[in-house]
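These notes are about the structure you will find just below.
The values are calculated or read from the model by the stated rules, or taken from the named source; none is laboratory data. These figures come from a predicted structure and were not determined experimentally. When we count neighbours, we look across all protein chains shown, and the Cβ atoms used for this are built from the backbone with ideal geometry, even at glycine.
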Amino acid sequence: MSEKAGQPVPEALPDSVRGGLLAAAPPSWRPFIQLARIDRPIGWQLLLLPCWWSAALAGIGRAAPPDPIHLALFLVGAVAMRGAGSTWNDLVDREIDAGV
């Protein structure tokens with residue numbers, strides 16, 4: 001644990017992936033990775049699943065495999081939207097979170 005403003009700051013949260021991106025990232029990037037919840041993949045994975053499922057169904061309708069560009073865009077979009085949503089939530093209810 002490191003210390004920030006007199007309070008201990010955990011390096012990894014209990015539900016984050018151990019030894020993943022957070023451990024490999026430079027120390028200056030770690031707060032941003034934690035803020036966007038990139039080290040906790042279940043959120044963006046749950047956002048990504050219906051996107052990829054719809055791409056697979058569209059591929060079945062066209063009798064062709066899903067377009068890899070679309071799959072990559074869905075991946076980037078799911079990670080970005082999960083991070084943006086988590087960051088917005090942290091900003092909006094910071095007083096509530098501090099009281100919990």
Flag for LEU47 being in the same structural domain as MET81 (by TED's automatic domain parsing), surrounded by 15 or more Cβ atoms within 10 Å (Cβ to Cβ) and in contact with a helix residue (DSSP H, G or I) (Cβ under 7 Å, 6 or more places away or on another chain):
yes
State whether one or more residues within the range 52-68 are under 15 Å from the mean Cα position of the chain (by Cα) and either among the basic types (Lys, Arg) or at negative phi (or both).
no
Looking at ALA98, is it assigned to a helix (DSSP H, G or I), touching a helix residue (DSSP H, G or I) at 6+ places or on another chain (Cβ under 6 Å) and not aromatic (Phe, Trp, Tyr)?
no
Residue match in the range 56-66 (condition: in contact (Cβ under 8 Å) with a residue 40 or more places away in the chain and touching a helix residue (DSSP H, G or I) at 6+ places or on another chain (Cβ under 9 Å)):
no
Give the residues of the range 32-55 that are part of a helix (DSSP H, G or I) and touching a Leu at 6+ places or on another chain (Cβ under 9 Å), sorted by residue number.
ILE33, GLN34, TRP44, LEU48, CYS51, TRP52, ALA55
